[in-house]
Amino acid sequence: MSSPTLDRPRTDPAPPAPRSLLQRDAGLVWHPYAPVDAGALYAVRGAEGVRLTLEGPDGGTHEVIDGMSSWWSAIHGYRHRVLDQAARDQLDSFSHVMFGGLTHEPAVTLAERLVEMAPEGLRHVFLADSGSISVEVALKLALQVQASRGEHRRQRFLALRGGYHGDTFATMGVCDPEDGMHAEFSGVVPQQAFLPRPPAGRLGADGTWEYDGGALASWEGQTREIAARLAPELAGIVCEPVLQGAGGMHAYPPAVVGILRQVADEHGLLLILDEIATGFGRTGRLFASEWAGEWSLQRGGGELIPDILCVGKALTGGYLTLAAMLCTSEVAADLNAGPNGGALLHGPTFMGNPLACAVANASLDLLTGPGDSPAWLAQVQALDAGLRQVLAPASELACVRDVRILGGVGVVQLHGPVDVAAVTREVVDRGAWVRPFRDLVYVMPPYVSTAADVRTLGAAIVEGVARVHG
Ligand SMILES: *Cc1c(COP(=O)(O)O)cnc(C)c1O
């Protein structure tokens, strides 16, 4: 007769230790531009206001101020009462319906508001599901419009070196040819034409742009020459106005955008402005193209109106993925006159997602605020002043090449590549979250950050960088 007690092995094998989130992640899911084994540095256990609660590999938790706004998007902070409520209200109504043949209040309201906010003249809206897709649609639209004008040879785009416009194939084609993964996908990425990277511009604390006039004149000369030579095969010009983001956090003088507008007009090209990162106030203007409009007005010109504008990132306050492409009536009319009955040949499954549109509408409400003066303006001006102060000490460090501020964007550029893991750890230990890349440690904090939050961010970056790089 066998006894259950006697049959059992003398020592039970220890149950496997529960694997941490970081351990379960590594080797299972990819993170941006990383090998699948790389995993993540921290796990997010909570997010509230401007703060993230992170859990590190040792299981310890860190409460940190998010200096990245989740890549430009979470401008009002996390778990915002108004945005949460907008999502819940829409959830109680309906979350998604197809946009083919159907429409709904959140999408129409959002399109109306975008038209009202955007530079005068942009009257039509395509709702896309991500920034890259909005740029894809902009490129398609430009090609369709040129074809509709009988310009069938005009099939290439002119872009700035150092630019970033997304990760899909067509958008990779207009990203910087060296940093933009062209070599890795050569033969597949469309071959576009490039203008030199514009010379650096610096917005002084007094609000005027400083730059090397000789360098700008030389850039303009090269640009006009390249555009004139390639014009018969060009459909449009694509650029991120005034601030190139993922391509190096490079600010350049607004005059460049004004010159590109002139060049586009002279050669029958569409000017596509990618404001996916810069839109909704981040640079100190509602749209960065307004800096160029001011430059143009000072010279007796008109407001600067792109033919096509792309927005994304901060559109839903960082809650859901949504982007939009806007175009002028002239562009829409030319498309209408073309083949396919004027149809714009794109239509994603989740186009105009009601949840995303409803949250975007609430986010735009917060951006504007209840007062006469828009809420975002005071917030971004405070960030600009605060970042100037708290990042200034970084310029004393031997490892630092440049410190630059533009609105709610602060950049510390080193002489060499950042040790990303080490700097991140030092900064997290000092209460802030940053995600450096290449030679850059940069922040674009949520608009709702307080002066104290900005001080914590600045000190964490200056001390963290000093600790790792000296
Ligand atoms: C982030 C970004 C994109 C791509 O947007 P996704 O939503 O990541 O596809 C395109 N252009 C610019 C300027 C961006 O900053």
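The values are calculated or read from the model by the stated rules, or taken from the named source; none is laboratory data. These numbers were taken from a predicted model, which means no experiment stands behind them. All Cβ positions, even for glycine, are placed from backbone atoms using ideal geometry, and neighbour counts span all protein chains on display. Only protein heavy atoms, including side chains, enter the accessible area calculation; ligands, DNA and RNA are left aside. Shrake-Rupley method; radii C 1.70, N 1.55, O 1.52, S 1.80 Å.
Just a few scattered comments:
- In the chain, the sites counted are chymotrypsin sites (Phe, Trp or Tyr not before Pro) in DSSP loop states with at most 13 other Cβ atoms within 10 Å, and the longest stretch holding none of them, exclusive of the sites, is 186-470.
- Compactness of the chain - radius of gyration and Dmax, Cα, Å: 24.2, 104
- Calculated FRET efficiency, residue 401 to residue 450, Cβ-Cβ distance, R0 = 25 Å: about 0.25 to the nearest 0.05.
- Take the Kirkwood radius over Cα pairs of the stretch 87-225, plug it into Stokes-Einstein at 25 °C and 0.890 mPa s, and you get 131 µm²/s for translational diffusion.
- Taking amide H positions as modeled 1.01 Å from N, with prolines and chain starts lacking one, the residues under 5 Å from residue 432 and 5 or more places away or on another chain are 65.
- Positive minus negative residues near residue 420 (Lys, Arg vs Asp, Glu; Cβ under 12 Å): 0
- Taking label points 7 Å from Cα along the Cα-to-Cβ direction, residue 202 and residue 218 give a separation of 1.8 nm.
- Counting only protein heavy atoms and a 1.4 Å probe, the chain has 44 square angstrom of accessible area per residue.
- Listed values for the stretch 144-154 are Karplus-derived 3J(HN,Hα) couplings in whole Hz (6.51 cos²θ - 1.76 cosθ + 1.60, θ = phi - 60°), namely 5, 5, 4, 4, 5, 7, x, 9, 6, 7, 7, and x replaces Gly and Pro.
- If the segment from residue 167 to residue 22 were pulled out straight at 0.36 nm per residue, it would be longer than the present Cα-Cα gap by 49.6 nm.
- The longest stretch of the chain left intact once loop-based GluC sites (Glu not before Pro) with at most 13 other Cβ atoms within 10 Å are removed from consideration, loops following DSSP, is 185-470.
- For the chain, the mean residue ellipticity at 222 nm estimated from helices alone is -11500 deg cm²/dmol, where every DSSP H run of n ≥ 4 contributes -39500 (n - 2.57) and the total is divided by all residues, rounded to the nearest 500.
- Candidates per trypsin sites (Lys or Arg not before Pro) in the stretch 257-340, loop by DSSP, up to 11 other Cβ within 10 Å: 299
- Taking a quarter of the surface of the Cα convex hull of the stretch 243-370 gives a mean projected area of 10.0 nm².
- Hypothetical label at residue 345: residues of the stretch 138-175 whose amide nitrogen lies under 18 Å (7 Å Cα-Cβ projection): 138-157, 169-171
- The equivalent ellipsoid of the stretch 239-291 has semi-axes of 20, 11, 10 Å, largest first, where each one is the square root of 5 times an eigenvalue of the Cα gyration tensor.
- Carbon and sulfur %, accessible surface of the chain computed with the full protein complex present, 1.4 Å: 54 percent
- In Hz, Karplus ³J(HN,Hα) per residue of the stretch 454-467 (6.51, -1.76, 1.60; θ = phi - 60°; x = Gly, Pro): 5, 5, 4, 4, x, 4, 4, 5, 4, 5, x, 5, 4, 4
- Degrees separating the helix 81-93 axis from the principal Cα axis of the chain, which is the longest one: 90 degrees
- Applying 0.36 nm per residue to the separation of residue 228 and residue 421 and subtracting their alpha-carbon distance, the gain on full extension is 64.9 nm.
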